[in-house]
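Q: Below is the structure I would like to discuss, written out as structure tokens.
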Amino acid sequence: MGVRSLAVGALGVVLGLAFSTNAIAAEKKMVNYVVKNGAIAKSLTGKPGNAANGRKLAINRKKGNCLACHKMPIPEQAFHGEMGPELIGVAGRLNEGQIRLRIVDPKFFNRDTIMPAFYKNTGFTRVLKKFKGKTMLSAAQIEDLVAYTMTLK
Amino acid sequence: MGDIMKKQIQGILIGAAVAVGLSGFAGVASAQDMIYKAGDRQSGYMYAAKETQAIQDDDLGNPAYIWVDEGEALWTKVDGKAGKSCATCHGAESAMLTDVGTRYPVYNAKLGKMQSLEQKINEERQEKMGAKPYKWESKQMLSLTVYMRNGSRGKPMNVSIDGPAAKFFEAGKKFFNQRRGQLDMACKHCHEDGAGMMIRANMLSEGQSNGFPTYRLKWQKPGSIHRRFRGCNKQVRAKPYGYGSDEYVNLELFVAWRGRGLSVETPAVRN
């Protein structure tokens, strides 16, 4: 078990929590989607997402916070997490539909995964009231993240 | 200190941490005697930044020592209808000599369940002293628990999970492995699978409890292990349990057992 010391833990610097509880997420009404061959082929909104917005969502601690676990080509952010694989090059490994399903409900691929489902609103235990029955992100935000992830060639 | 030396000979590794041992407290281990690594288990100290370790190592600079002093004063302070203090029954220094900090939570036959140190203190206050219970996260409760656990500093964590404690231990273990919240994560995901990894700017540790009540730089004061549990639950957007709830006392037992053999570090300093 490797113990690396925190590079910047300067005296008295108080670091933020990995996940904030302040965000009120997304939608109550889910868009239905079809999983086929380990992928969701169709856009949840029927439209392509906005990659620039997806990049912002990946950084935002109250939204995607993908950086908590993944190294991504986002050099202006000092801290990238290590719990998941590097996403640099992921669009060469997976197609758009696979990436969409991976973000919507990663347990489809791995029951034991630590990665949260970003478009799921049931089947959880003791969810805080303000997040109950809600998804982490909206369908449009999922599409923005799919569009951004597809740029990671 | 003698039995700690023995433990070293038995092959338990001492963390290779730089120690600025200035401890002048009678009967309390100084920084270089601490066991930060026991078997495959490591204290949060080993995952902390060097600067944070340095604050903990320096007893004169550790901001939590004000709470130790405060707790010592409460130990001898008469309170309640019976006109007694803790010291009336236990002696002026007994907190320094006992191993209470290593043993709690313990099974309480009268209650038929586990009892945490905070709950024991309030039982003593109500039943022996005729005094009001302290609120869980109050200055008094934190001071007294910091003082008492500091009295066991350097001694290895050693909770009993046998006999009547077994089923509560199992409940705590189940809690640790149960996914919860909108993020659907269990304690084990961050503190077993993730220990040693960065989660953005935070280095994940094993989630050991041997330093509690811990002085968190973020809190600017010591906090109980139940406060930490609540914080970790809320991080994954799960509804926390109450201070002193059966769920958390059982979880505390399991977490203390996970850290068996690690030195009590109270008051530890963490981010």
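The values are calculated or read from the model by the stated rules, or taken from the named source; none is laboratory data. Every value quoted in this text rests on a predicted model; they were computed, and no experiment measured them. A quick note on method: Cβ atoms are made from the backbone with ideal geometry, for glycine too, and the neighbour counts reach across all protein chains shown. Just so you know, the surface numbers come from the protein's heavy atoms only, side chains and all, with ligands and any DNA or RNA stripped out. Shrake-Rupley method; radii C 1.70, N 1.55, O 1.52, S 1.80 Å.
Q: When you scan the range B:59-88, how many residues do you find that are more than 19 Å from the chain's Cα centre (by Cα) and assigned to a loop (DSSP other than H, G, I, E, B)?
A: 10
Q: Taking only the range A:59-96 into account, find how many residues are without any contact (Cβ under 8 Å) to a residue 12 or more places away in the chain, closer than 20 Å to B:A201 by Cα and open to solvent by 70 Å² or more (accessible area, probe 1.4 Å).
A: Total meeting the criteria: 2.
Q: Here's a follow-up. Looking only at the range B:233-256, count every residue that is part of a helix (DSSP H, G or I) and either more than 14 Å from chain A (Cβ to nearest Cβ) or farther than 11 Å from B:F169 by Cβ (or both) and tell me the total.
A: So the answer is 13.
For (1) within 14 Å of chain B (Cβ to nearest Cβ); (2) at pLDDT 95 or above; (3) more than 29 Å from B:R200 (Cα to Cα); (4) open to solvent by 30 Å² or more (accessible area, probe 1.4 Å), each residue gets a yes or a no:
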{"position": "A:V3", "(1), (2), (3), (4)": "yes, no, no, yes"}
{"position": "A:V13", "(1), (2), (3), (4)": "yes, no, no, yes"}
{"position": "A:A18", "(1), (2), (3), (4)": "yes, no, no, no"}
{"position": "A:N22", "(1), (2), (3), (4)": "yes, no, no, yes"}
{"position": "A:A39", "(1), (2), (3), (4)": "no, yes, no, no"}
{"position": "A:G49", "(1), (2), (3), (4)": "no, yes, no, no"}
{"position": "A:G54", "(1), (2), (3), (4)": "no, yes, no, no"}
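Q: Pick out the one residue from A:T125, A:T135, A:T151 that is touching a residue at least 24 places away in the same chain (Cβ under 8 Å) and surrounded by fewer than 17 Cβ atoms within 10 Å (Cβ to Cβ).
A: A:T151
Q: So B:A165 clears everything in (1) buried (at least 22 other Cβ atoms within 10 Å of the Cβ); (2) under 20 Å from B:Y107 (Cβ atoms); (3) more than 15 Å from the chain's Cα centre (by Cα) except one condition, right? Which one?
A: Checking B:A165 against (1) buried (at least 22 other Cβ atoms within 10 Å of the Cβ); (2) under 20 Å from B:Y107 (Cβ atoms); (3) more than 15 Å from the chain's Cα centre (by Cα), the one that fails is (1).
Q: B:Q115: under 17 Å from the mean Cα position of the chain (by Cα) and within 14 Å of chain A (Cβ to nearest Cβ), yes or no?
A: Against the criterion (under 17 Å from the mean Cα position of the chain (by Cα) and within 14 Å of chain A (Cβ to nearest Cβ)), B:Q115 does not qualify.
Q: Could you count how many residues in the range B:113-157 are open to solvent by 10 Å² or more (accessible area, probe 1.4 Å) and polar (S, T, N, Q)?
A: 5
Q: In the range A:107-122, how many are among the β-branched types (V, I, T) and open to solvent by 50 Å² or more (accessible area, probe 1.4 Å)?
A: So the count comes out to 1.
Q: For the range B:51-105, enumerate the residues that are in contact (Cβ under 8 Å) with a residue 60 or more places away in the chain, open to solvent by less than 50 Å² (accessible area, probe 1.4 Å) and among the aliphatic types (A, V, I, L, M).
A: Within the range B:51-105, B:I55, B:A64, B:V68, B:L74, B:M96 qualify.
Q: Also: Limited to the range B:176-204, what total is found for residues that are in contact (Cβ under 8 Å) with a residue 40 or more places away in the chain and facing chain A (nearest Cβ under 7 Å)?
A: Residues flagged as in contact (Cβ under 8 Å) with a residue 40 or more places away in the chain and facing chain A (nearest Cβ under 7 Å) within the range B:176-204 amount to 10.
Q: Determine, yes or no, whether B:Q235 is of a type outside the set (D, E), modelled with pLDDT of 95 or more, closer than 30 Å to A:V104 by Cβ and crowded, with 23+ Cβ neighbours inside 10 Å.
A: Answer is no for this residue.
Q: Right, here's the next one. Go through (1) of a type in the set (A, V, I, L, M); (2) touching a helix residue (DSSP H, G or I) at 6+ places or on another chain (Cβ under 7 Å); (3) open to solvent by 60 Å² or more (accessible area, probe 1.4 Å) for A:I99 and report which single condition fails.
A: All conditions are met except number (3).
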